[in-house]
Amino acid sequence: MLHEILLSLSGHPSPLLRAAGTPAAHDNDHDHAFLASRVISPPERALLASLAHLSDLHVKLISSAAQIAATHPSVICRAVAAAIDSIHLAAFQRKVLAVEDSILRKDAGLVGAYNIVPLTAVVSEFDGWTRRMEWLWELVQFMLRVERSKTEKKTEPCTAARVMDWLRSELQTGYMDVEQAATSLVRVAEVAWLKQVSAWILYGKLPSFGADDFFVQEDENGAEQQEFVLVKSLLPSFVTPSTAASMLFIGRSLHQIRAKSVADASLRGTDHLSTQLTQLSKLRHPLDAATFSRTVTEIRNYLSRTTLQRLLPLSRVLETLQLLRDFFLLRRGEFAMALTQQADEKIRSRWRRAENLAYEKRDGGLGTVVVKEGEIAAVLVRTWAAIGSMQGEHADEDEGMELARDLLRLMPIKSRSSAPPAAEGGALTSIASTPFRNLLFSVPVILTLQIPSPVDLFLSPSDLQTYVAINSYLLSLRRAHLRLTDLWKITPLRRHHPSPPSPPYGSTPVGRETVHLLRQRYSSRSKMLRNAWATASAAIFFLGELEGYLQMEVVAGLSDGFQRWLANAPINEPDEDEDEDIWLSPATNQPAKTTTTTTTAPRDPQTLATAHRLYLRTLTRRLLLTHQSFTDPLYDLLVHIDHLVALVHRLHGVWTSADLEADAGVVDAFVDLAREERDVQSEIRGVEGRVKRGVEGLVVGGVDRLLMKLDFGSWFGAEQGAEEEEEEEEEL
């Protein structure tokens, strides 16, 4: 019987213990169980039940641990399962052998008089193992558990992060044996995980096996160059976000250095940090978050001192920031003006082509005018040519323009899949979804940048998408302003053109009648457009002050401050707790407190990237781009301004055709000019009211600094009186 018990505890199923603990599975087992029930007394059966439970746990742990160690996709789970088998189950088997050896040696601790071995003594030898084996079985079940993904409709196996977090939580138990077992397995899991981490932060390589379980993944959306992203769900809880970002930065930098060293022999031998392996080997288990973060920071600083300062000098960073400031934040006004003019010219040419086609087909409709991708790219090419003609002989000396010509791209957004990815702590997720990119062409179009290497060490794709959103916003304001001011360039609408007949023909009765007719025509048209000119002037005033505030007080102020920070000059920096908008009224926000600090810390690329993201978050917030309640009415106002400008141009065309018909006899039989003139005038009056209400709705917001400049007098209250005056004129 003792032999049967020890064999069963060693992992061999026994009908004897199964009769005492679990039901039999085969007929032979039933027979053995029947015989055992005749031989074993009820008290002995109760004692054997605990051993049967222990034997059953041992058998299941052996098979389950072997399954995990052989087939589990996570290397960490495999290591833990192998440690369970090689450490804890092996210790249990040694305990069984020790008990057997004591019995064979007739140890007085187990063998009594007449060589009798009490069953209670055998059971007591394994009392401390039941709790430990139950805990190990719970751990094995946790690693075998399959959970459903929150983002995708599929199941996911246990990950390294989950099993490490579970083991670390079990260190807080009140049982010494369970705590010791958890400590040993935590060490095994963390050592295996650190081997994967060391391959990444010392050599820039993803794990050759189990890469799907590593917190750094290769970005499948990166088409042109290999990109890596951070998967937060695969990070253990003791890794802080800043530490994870540092590890991502280190590995990505080493990977890029290794790729560049193929062509640049001077970089060979600098694509690894094997000398820093001792830093990781000094870590004690279980890992402490502060100690691990400090170690990663030391490795990052070593990389910055030895390699990255040569690979990405500060001058290259300043050059890129200058490019973004000039063309995305529109410090170079000639670029915005040329781009707007070329885009409008392309739209007008497409409309003229559609009109000619509709005239030839006599179908009475223009259909849909869509600008193609190639035409959009050609607009940017003509924009560079226009700017070059403005600069004249100095165009070749503009290095910033040459760099922008090589890197900037104007392209349509083809589908929703091209939407910008969410960034870790970036500004993009908080930017309002107002579609300012729809205003430049008849399709959504963005100005983007090809991020060159190694600039992508501090400028991420999500940062670029934030610049794209800001550029669409600022460019739409500049475009509306330019289109309104261009109305004053239409000379026939501003003054009598052509002039009345000169003497002696003007002194004849026919001449005087012609002069009277022309003056009457121009006077009536001037009265007709009086409110339109007033509305356009007010809109220009509003857009000019808004652009001045955004460009001078927000963009220029923040950009200059960031530039001074890069140059280690003393600047006024907001408090860390400050997360408010300085433009809001005192009723909703108090002015931000600033402290003068002198920054002398080294500017490694990750520090630059972190500071740059903070700069972008502050910039988008102070540009009012994070407030949908402001951007949506502003977008509606810009649409109405486009409509007003288009109607004025259309009315000018109608009047030109009417003058040709009245003065030169040129008649278009397919157009009713009088009816079209009435329709356009009616639409202009409606758009005037919408523009006025749009400006009024935006002014009554909480922009205190801007309100001090926006004084429209009685223009808002004069809307009703103007409408009554127009009705009287129509009756006359």
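Would you confirm whether or not the range 52-61 contains a residue that is in contact with an Asp or Glu (Cβ under 6 Å, 6 or more places away or on another chain) and either without any contact (Cβ under 8 Å) to a residue 60 or more places away in the chain or not aromatic (Phe, Trp, Tyr) (or both)?
Within the range 52-61, the first condition is being in contact with an Asp or Glu (Cβ under 6 Å, 6 or more places away or on another chain), and the residues that meet it are none.
The answer is no, given that none of the residues of the range 52-61 is in contact with an Asp or Glu (Cβ under 6 Å, 6 or more places away or on another chain) and either without any contact (Cβ under 8 Å) to a residue 60 or more places away in the chain or not aromatic (Phe, Trp, Tyr) (or both).
May I ask you to verify whether residue 518 is crowded, with 17+ Cβ neighbours inside 10 Å and under 20 Å from residue 334 (Cβ atoms)?
In short, no.
Which residue out of 102, 124, 184 is open to solvent by 60 Å² or more (accessible area, probe 1.4 Å), among the hydroxyl-bearing types (Ser, Thr, Tyr) and either part of a loop (DSSP other than H, G, I, E, B) or closer than 24 Å to residue 58 by Cα (or both)?
Numbers: 102 fails: open to solvent by 60 Å² or more (accessible area, probe 1.4 Å); 184 fails: open to solvent by 60 Å² or more (accessible area, probe 1.4 Å).
The unique qualifying residue is 124.
Is it the case that residue 88 is open to solvent by less than 40 Å² (accessible area, probe 1.4 Å) and either touching a Phe, Trp or Tyr at 6+ places or on another chain (Cβ under 8 Å) or outside any helix (DSSP H, G or I) (or both)?
In short, no.
Please verify whether residue 564 is assigned to a helix (DSSP H, G or I), modelled with pLDDT under 90, in contact with a strand residue (DSSP E or B) (Cβ under 6 Å, 6 or more places away or on another chain) and surrounded by fewer than 18 Cβ atoms within 10 Å (Cβ to Cβ), treating the condition exactly as stated.
Answer is yes for this residue.
Out of the residues in the range 438-486 meeting the condition of being polar (S, T, N, Q) and assigned to a helix (DSSP H, G or I), tell me which one is farthest from residue 255 (Cα to Cα).
That would be 485.
So how many residues does the range 89-146 have that are of a type in the set (A, V, I, L, M) and within 59 Å of the chain's Cα centre (by Cα)?
11
Count, please, the residues in the range 51-77 that happen to be within 30 Å of residue 3 (Cβ to Cβ) and not small (Gly, Ala, Ser).
11
Of the residues that sit in the range 148-176 and are in contact with a strand residue (DSSP E or B) (Cβ under 6 Å, 6 or more places away or on another chain) and open to solvent by less than 70 Å² (accessible area, probe 1.4 Å), which one is modelled with the lowest pLDDT?
149
Of the numbered conditions (1) over 28 Å from residue 613 (Cα atoms); (2) part of a helix (DSSP H, G or I); (3) open to solvent by 50 Å² or more (accessible area, probe 1.4 Å); (4) not hydroxyl-bearing (Ser, Thr, Tyr), residue 503 fails exactly one; give the number of that condition.
(2)
Please work out if residue 97 is surrounded by fewer than 16 Cβ atoms within 10 Å (Cβ to Cβ), in contact with a helix residue (DSSP H, G or I) (Cβ under 9 Å, 6 or more places away or on another chain) and of a type outside the set (D, E, K, R).
Against the criterion (surrounded by fewer than 16 Cβ atoms within 10 Å (Cβ to Cβ), in contact with a helix residue (DSSP H, G or I) (Cβ under 9 Å, 6 or more places away or on another chain) and of a type outside the set (D, E, K, R)), residue 97 qualifies.
If you check 179, 190, which single one turns out to be open to solvent by 40 Å² or more (accessible area, probe 1.4 Å) and among the charged types (D, E, K, R)?
Only one candidate qualifies: 179.
What pairs come out if I take residues in the range 424-437 that are farther than 27 Å from residue 611 by Cβ and pair them with residues that are open to solvent by less than 30 Å² (accessible area, probe 1.4 Å) and modelled with pLDDT of 60 or more whose C-beta lies under 7 Å away, six or more apart or interchain?
Close Cβ pairs (under 7 Å, with a partner that is open to solvent by less than 30 Å² (accessible area, probe 1.4 Å) and modelled with pLDDT of 60 or more) amount to 434/631; 437/445; 437/446; 437/472.
Would you check if there is a residue in the range 237-248 being among the small types (Gly, Ala, Ser), touching a helix residue (DSSP H, G or I) at 6+ places or on another chain (Cβ under 8 Å), surrounded by fewer than 16 Cβ atoms within 10 Å (Cβ to Cβ) and outside any helix (DSSP H, G or I)?
yes
In the range 352-384, what count of residues is obtained for those that are at pLDDT below 75, in a helix (DSSP H, G or I) and loosely packed, with under 14 Cβ neighbours inside 10 Å?
Number satisfying all stated conditions: 8.
For the subset of the range 55-67 comprising residues that are surrounded by fewer than 22 Cβ atoms within 10 Å (Cβ to Cβ) and either in contact with a strand residue (DSSP E or B) (Cβ under 9 Å, 6 or more places away or on another chain) or not small (Gly, Ala, Ser) (or both), which member is farthest from residue 156 (Cα to Cα)?
From the range 55-67, those surrounded by fewer than 22 Cβ atoms within 10 Å (Cβ to Cβ) are 56-57, 59-60, 62-64, 66-67; that's our starting set.
Restricting the remaining residues to those that are either in contact with a strand residue (DSSP E or B) (Cβ under 9 Å, 6 or more places away or on another chain) or not small (Gly, Ala, Ser) (or both) gives 56-57, 59-60, 62, 67.
Values: 56: 28, 57: 26, 59: 27, 60: 23, 62: 24, 67: 17 Å.
Only one residue tops the list, namely 56.
Please go through (1) modelled with pLDDT under 90; (2) surrounded by 15 or more Cβ atoms within 10 Å (Cβ to Cβ) for residue 328 and return the number of the only condition it doesn't satisfy.
(1)
If a residue must be surrounded by 12 or more Cβ atoms within 10 Å (Cβ to Cβ), in contact (Cβ under 8 Å) with a residue 12 or more places away in the chain and among the β-branched types (Val, Ile, Thr), how many such residues does the range 105-121 contain?
The number of residues fulfilling the criteria is 1.
Counting only residues that are small (Gly, Ala, Ser), modelled with pLDDT under 85 and surrounded by 12 or more Cβ atoms within 10 Å (Cβ to Cβ), which one in the range 385-427 is nearest to residue 331 (Cα to Cα)?
395
Would you mind finding the one in 124, 184 that is in contact (Cβ under 8 Å) with a residue 12 or more places away in the chain and of a type in the set (Ser, Thr, Tyr)?
The unique qualifying residue is 184.
Could you list all residues from the range 647-675 that are open to solvent by 40 Å² or more (accessible area, probe 1.4 Å), of a type in the set (Gly, Ala, Ser) and touching a helix residue (DSSP H, G or I) at 6+ places or on another chain (Cβ under 9 Å)?
Result: 657, 662, 674.
Within the range 442-457, identify whether any single residue is modelled with pLDDT under 90, open to solvent by less than 20 Å² (accessible area, probe 1.4 Å) and among the hydrophobic types (A, V, I, L, M, F, W, C), and answer yes or no.
yes
The values are calculated or read from the model by the stated rules, or taken from the named source; none is laboratory data. This is a predicted model, so every value here is computed, not measured. All Cβ positions, glycine included, derive from the backbone under ideal geometry; neighbour counts span all protein chains shown. Just the protein is used for accessible areas: all its heavy atoms, side chains included, with ligands, DNA and RNA removed. Shrake-Rupley method; radii C 1.70, N 1.55, O 1.52, S 1.80 Å.
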